Every structure is written in structure tokens, then in C-alpha cells.
Amino acid sequence: MTNELSQTGPDMPDAAGPMDALKRLLRMRETGLVLIILTLFIVMSFASPYFLTWENMRAMAMAFALEGIVVVGMTILLISGGIDLSVGSVTALAMVIAGLLFLNGVDPWTASLISIACCTAIGAVMGFFTTKVGLHHFIVSLAIMVIARGACLLGTGGRPLGLFTLPPEFKFIGQGSVGVIPVVIIVFVVVVVAFDFMLRRTTMFRKVFYTGSNEKAAAYSGIRTKKVIFLTTTLCSALCGVAGIIYMARFGSAQPTFGIGMELNVIAAAVIGGASLKADDFLGILAAYSAA
Amino acid sequence: MSSETILKISDLSKSFGPIKALRNVDFELRRGEIHAIAGENGAGKSTLMNVIDGILQPDSGEIVFDGKPVKIASPTEAQKLGIGFVHQEIALCPDVTVAENIFMATTNVSRSPLMNYSSLEKKAQDVLSKLANIDATALVRSLSISQQQLVEIAKALTLDCRILILDEPTAALTDKEAQILFEIMHKLAEQGISIIYISHRMAEIFENCDRVTVFRDGQYIVTHNVAETNPSEIVNAMVGRVIDNLYPDKQSADEKSDTAILQVENLTDNNRFFDVSFELKKGEILGIGGLIGAGRSEIVRGICGLEGDVSGTVSLNGEPLAIKHYQDSIAQGIVYLSEDRKGDGLFLEMPIAANVSALAVEQVASRSGLIDSRREGQQAETVGRRLNLKCGHIWQPVSALSGGNQQKVAIAKMLSVNPRVIFLDEPTRGVDVGAKAEIHRILRDLARNGVGIVVISSELPELIGVCDRVLVIREGRISGEVSGDDMTERKIMYLASVAA
């Protein structure tokens, strides 16, 4: 992953003529990825008549987009040197918490905010155990994965919560479209662009790269590396909360068993998509899915 | 010592793309001799060693081993011929035991599918006992760098070599450990094993080697019997020009000042160091000497807020400081250059510019926290030019640079915050003679410009050559101070090891 880190620096200033540009293009990891995806695309179009239809494309794009929000959080966490196995459970828990609050008469927007806050708190707990107690991310997030899933099942009795009475303006964030473009995809693009910009330009996220590149050297550069890791851990869970809420709006229900195995997709997408949050993240997810 | 030749290399060349790393090189190694190889970084020493060890294949030329022409296609073949190579970079598996590391090569070829740990550990302990007091069952991770280096050497010793290549084996060793290593080298040589010894330290070459061959810019320059030459002749052959003075001028009498930049009083962490008090005067370079493990680095890291629970007062220009975290220290202009530039000094995979700005990224960012890459680049270029940094461009990863230039990036990182006091821990470890002299000159220039310089070094000639005054640490306390004509290796060693 460290190889990719250098790519987030400003673009190399030295490319002269078109041949150089072409060489650089071929050297880029993204090019290989695009070729794989194109190949898959062509094969799939021949394999199934339903593959290359507008509906399928739209459904696939929406599915990528939602998980893509979690991938953004995971990517940042991976860059800082952590990992989170609990993303699937925490996303489901976000749905369940918001769903239960809504069924108990809380306004869905407030319920969503509380739910995202809960997820953020879960992230903070994981951050505490990894940075202050000194446990490994893998262990801590594995425990949270099981605990959060248990909480989901406990809260719902194992059955999905039907949320048919959600107001249409809430459902809009999951189901609506602006023109032909689903809101979900707009949200995803906004999240990716925003975090991409921040990762490349802000001092705050530069410290994430320093920490992930060499934690000790970062500490010897006066960076509070534990704080950085704490924050990236928390951010990842918070973004799971956001994704969970949008899922709820999309499905009109809260499913306690949602997102089992999601961590594999997300981590794979984050790794393939590269720990550099460029536009290829989206392609990375696409690749991971198409391959699945 | 017989004069029979075990290895003869003639007219050997090796290029990497357009770069000619070795040009028609000749080299001859006799049975049972200790043969030093000297040359600046990039002179072709490592390339030649890698060819001998089968890691690289030559483009042309001939290798004759024990009278027969050979092609060494891989390190495994080199091992079969009896060539052992102790690399400068430590290449051990940190999470398995010392014994397993030592026998990594042999477990690889053992017939039995099961490991026989007790015999493995016993054999490892036998080899180790010759070298140092290291527990064969300990995990490599738990050892210090110098102990790890000894494990590397033990590993090579178990291979039954006829030629042993040691690439800067003493860079991480204490003088005492180095002495033990030299004794072992002499014993091995008496048994007829030939040793190729690569080092930047002239004193070691002249005390322990039989012959010395100098390389420069990929070419063979000269081979001398050590008894018939002297260090300055070798250094001149290495750099191809006459270096009259390895060290810059010292502070002159009228540059001396009584103004203290930094005052440290009764600093203690009740664990590694106790009751440390000293003053750093304006314009001087203060040295800190002592054995490895005496607490030198710990004191300095304690002052900077990098580690330890430290009590005592630190004042900068007469004002007491409250440093809780290294960030506070950087904000006051007190910075620390770590002794292990690869381990904790640099972000090797990141661009040079991002390394230079790491101490205070805010400096190259707007007030809202957005990094301005143009300013970041300019900063790196300005500081880089000041240090005579040689690189393709400043967006190259640091890992692409030579050791000396990497060290300059590490120093550039310090200078980017316009520091008032710089602590440098082993500033020239693993750096070639040319870059070393340059770094020393830079330090003197900084001191002249009013920056407080403190140099920790295990190399006594460096301390004596560069510093105006040296504090000697023994077991966490200042055991003495030397300056002027008092600064001799004997005096410092005495204070470091025995003085009350």
C-alpha cells in the first residue's frame, strides 16, 4: 500500500511530450484496473442479456455507491495503518437504531442523527482500545463486529423492521433521483470528491499519510500518531453510520442481518482501489463487484 | 598467511541501464587475508559484492574461484562455493528466535520435516557464545541493533565459509563489540578463511586488515598493503582529490561566547538518566559521548519530550520551557535528528518534499489547513540547495537516494522549521567520506549562524574533530567534560567506561 502513498503527492511535474504522458498512463496502476474491468464488462455483456441494460447498470451503480461510502472510511483507516472488520455490523446497527427510534415515535431525521452519533461512539471505543489500551485493530474490530451484530439481533428479535411509514422526503435520499441520477450516487460522488480533496490537500490528512508511512518517524516529527489513528478509526465507523441510514431510506426497512461479509468487499475494494483516494476508487469497487 | 589466490576477478563490468556501476574491475583475494574495500557510496563496492554473492550477474569479465572459472548464478550457488555475505542492512525475521534466524539457511535444506529445536538452540548458542552474550531463544525483535548485527554475523559463521564478506559490520556496534568481532575475524583468517571487509572507518581498516583496495566511480583504483600506506593516501584515492581537512575549522577564540542558548538543570527520568545539567553556549558545537546504552539518546529525547517521564528544568535563552510533547519542542525550535534514519527518521516511500515539510506541514499550508504543493516544493528546494542535496527532483521518493543524501533529507527536515537548537544523534552513520565532510561543514555553518548544535556520536574521531566541547555520559550521568587539547580518544573512553 505504501507504494500508492507517493501518488497522492502533487502530480509529477516532469512529464514532457505525449509519449511520456502515454508511458506514465501505462505505468499507472489504474490503467491495469480499467483494462480488467473493460474485459469483464465485455465478457459479462455476452454472458447475460440482462447485464448491459440500463436497469442493471443503475442498480449496480447504486449498490456500489452505498458501499463506496464505507470504502472511503476504510481506505483512510488503512492508510493510517489500521483495519476495521466491524463495518458490516455497524452499518446494520445504524439501520436498527434509527429504525427502532423511528418506530418509537422519534422523527426520522433526529433518529438518523442519533444513530450516526452512536456509530461514531462505537468508532471512538475501538479507537480507545487500539490507541490507549494497545490492542490490535483486528482483535478490537472483530469483537465489535460480533457485539454490534448481537445488538442488532437483540434489538429486533432477528426480524427485519418494516418502516413503511417513513416520510417520502426521507425515503428520497435512498430512492429518489435528480433527473436520471439517483441521489445515492450523488451522495457518493460528493463524499469521494470531498475526501479526495481533503486527503490530498489538508494538513490534517497529510498526517494520516505520515502516520501510515512510518508511525515512528511520524512520532519523531511531532505528530500525535495515536490521535491520528483514533480519529481515522472513529471516522470509518461514522461513515458506516451514514451508509446505514441511506440503506434504511433505500430499503424502507431495517435489516438486522444486513451487511454480513461486507467487510471483505469493502477491504478488497479499498485495497484494489488503492489507498490513494482518486477517482479510481469507484472503479475499484466496480472491479471487486464484477469479480464477485 | 599464504599468498595463494582464492578469488580472482578480472575485467568485470556491470551496467544498470545507462549507468556503468562497474567498469573493467580487477580484484584479487588471497587465502586467509583480511582485505578491506574502501570507496565512497556509489563507488561500486556493493555492486561488486553482489556480483560475488550471485545476486547480480556481470555483463562481462571473469571470476576465478580457487583456480577454476565459475559463474555464480545465485546466492545459493555462492553459498555452495562457501561465500558468506553479511549485509549492512539487517535482514532477520524479527518475530522468530535468534536460533531459528541463525539456521534459516540450513533449515531450508534439512531433510527432516520436523524442527529439532533443542539441538538448533544448542548449536546457535555455541556460535553465539564466541561473539556475545545473546540468548539463542530470545526473539530477534527484542534485541538491540548491535545485537542483531552480531546475530547476522553468527549466521554467516555457521555456513562454513571460505570467503566471508562483511559490509560495514561495525556501523551499529559498540567499540567493545567491534573489538570482539575483530578478534574473531583474525581467528577466522588464521584458519584460512578470507575476509572481505567493507568499512568507511579508516582506523578499523588500518588496525585490522592486511590489504586494502580502493574503488572510485565504478573503477578499480589501487590495492595497497596496509603496512605500506597511510589513511590520508587511501582517503585521497577514494575521493580522487586531496581532502586536506576532513573536519571543518573549530570555533575560534573570538567566536567564543558566554551566552547560553540552552540550559538544562537536574534533568532526570529516574530510570535511564539522572541529574543531568549542562549548558549549550552560543556558536559552539557540543558533543555528547559515551558507550551505546549509556543514556545519551534518552537524555536528548527526554529534553525534546519524545519519551520518558522527565523532571528538571530546560531553559531556552534564559526562559524555562514546559515541554510535554515533541510538538511543543518543535514549536520552540528544538528538534531531534534520530539515529536510525530508516527506522524512525524518514518516510522512505514518500516524496522528498513531503519529508522535508513533515515537522510542520502547517508552514506550507494556508491558514485553513490546505497544503500548497508549490510552497512545499519551494521549501524543499531551498533547504535542499543549502545542503547541496543531490536528487533528480524533489517529488522523488526518499528511498531512491543514496545514504548520504537520505541523511541530508533528514537534516533538511530539521532545518525547515528554522530551529534554534538541533540535537543530532549519530549524524553521519552509514554516510560516505565526502558527504560526511559536507555534513560536518553544514553543522559548523549553522553553529556560526547562532543555531545551537549538539552532536551525539559513537565515533570518537568525529566527536573530537567536530565538537568544541564534549560531555561524556556513563550509566545515565555526566561523568566528565573535555574541551580543547583535553579532547583525546583516551580521555573520552576513560570517562565513558571507568571514571568515577
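Just so you know, all these numbers are worked out from the coordinates, no wet-lab data involved. None of these values were measured; they are calculated from a predicted model. Counting neighbours? That spans all protein chains shown, and the Cβs are built from the backbone with ideal geometry, glycine included.
Brief remarks on what is shown
- FRET E, pair residue A:165, residue A:60, Förster distance 25 Å, beta-carbon r, rounded to 0.05: 0.25
- Amide H contacts under 5 Å for residue B:288: B:455, B:456, B:457, B:471, restricted to partners 5 or more places along the chain or on a different chain, H placed in the peptide plane at 1.01 Å from N.
- Over the stretch B:181-264, the hull volume per residue, using the convex hull of the C-alpha atoms, is 188 Å³.
- Too-long pairs where the Cα-Cα distance tops 25 Å, listed order kept, from B:155/B:436; B:68/B:130; B:130/B:436; B:155/B:187; B:281/B:390; B:80/B:155: B:155/B:436; B:68/B:130; B:130/B:436; B:281/B:390
- Relative contact order %, chain B, counting alpha carbon pairs below 8 Å whose residues are six or more apart: 15 percent
- For the peptides A:88-100, A:229-241, residues were scored by their other Cβ atoms within 10 Å and the scores averaged per peptide; the highest-first order is A:88-100, A:229-241.
- Rg/Rh for the stretch A:65-291, where both radii come from Cα atoms and Rh is the Kirkwood radius: 0.98
- Backbone amide hydrogens, once placed in the peptide plane, bring residue B:6 within less than 5 Å of B:29, B:30, B:31, excluding anything fewer than 5 places away on its chain.
- Amide N proximity, the stretch A:74-90 versus residue A:147 label position 7 Å along Cα-to-Cβ, cut-off under 18 Å: A:83-90
- At R0 = 22 Å, FRET efficiency that the Cβ-Cβ distance of residue A:178 and residue A:109 yields, to 0.05: 0.65
- For residue A:52, residues with placed amide H under 5 Å, excluding near neighbours: none
- Take the Cα radius of gyration of chain B and divide it by 2.2 N^0.38 Å, N being the number of residues; the result is 1.03.
- Our estimate of slack between residue B:481 and residue B:370, defined as 0.36 nm per intervening residue step minus the Cα-Cα distance, is 35.2 nm.
- For the listed peptides A:181-190, B:468-477, A:131-140, a ranking on the average number of other beta carbons within 10 Å per residue, highest first, reads B:468-477, A:181-190, A:131-140.
- In the protein assembly as shown, the DSSP-assigned H stretches of four residues or longer account for a calculated mean residue ellipticity at 222 nm of -14500 deg cm²/dmol, using -39500 (n - 2.57) per stretch and the full residue count as denominator.
- Whole-Å distance, taken between Cα centres, linking the stretch A:50-82 and the stretch B:150-219: 56 Å
- The spread of Cα positions in the protein assembly as shown, taken along each principal axis and listed from longest to shortest, comes to 96, 70, 62 Å.
- Exercise: per-residue mean of other protein chain Cβ atoms within 10 Å, B:346-359: 6
- Phi-derived couplings, Karplus 6.51 cos²θ - 1.76 cosθ + 1.60 at θ = phi - 60°, listed residue by residue for the stretch B:124-134: 4, 5, 4, 5, 5, 4, 5, 9, 6, 8, 10 Hz, with x used for Gly and Pro.
- The string of couplings for the stretch A:228-237 from the Karplus curve (6.51, -1.76, 1.60, θ = phi - 60°) is 4, 5, 4, 5, 5, 5, 5, 4, 4, 5 Hz, one whole number per residue in order, with x for Gly and Pro.
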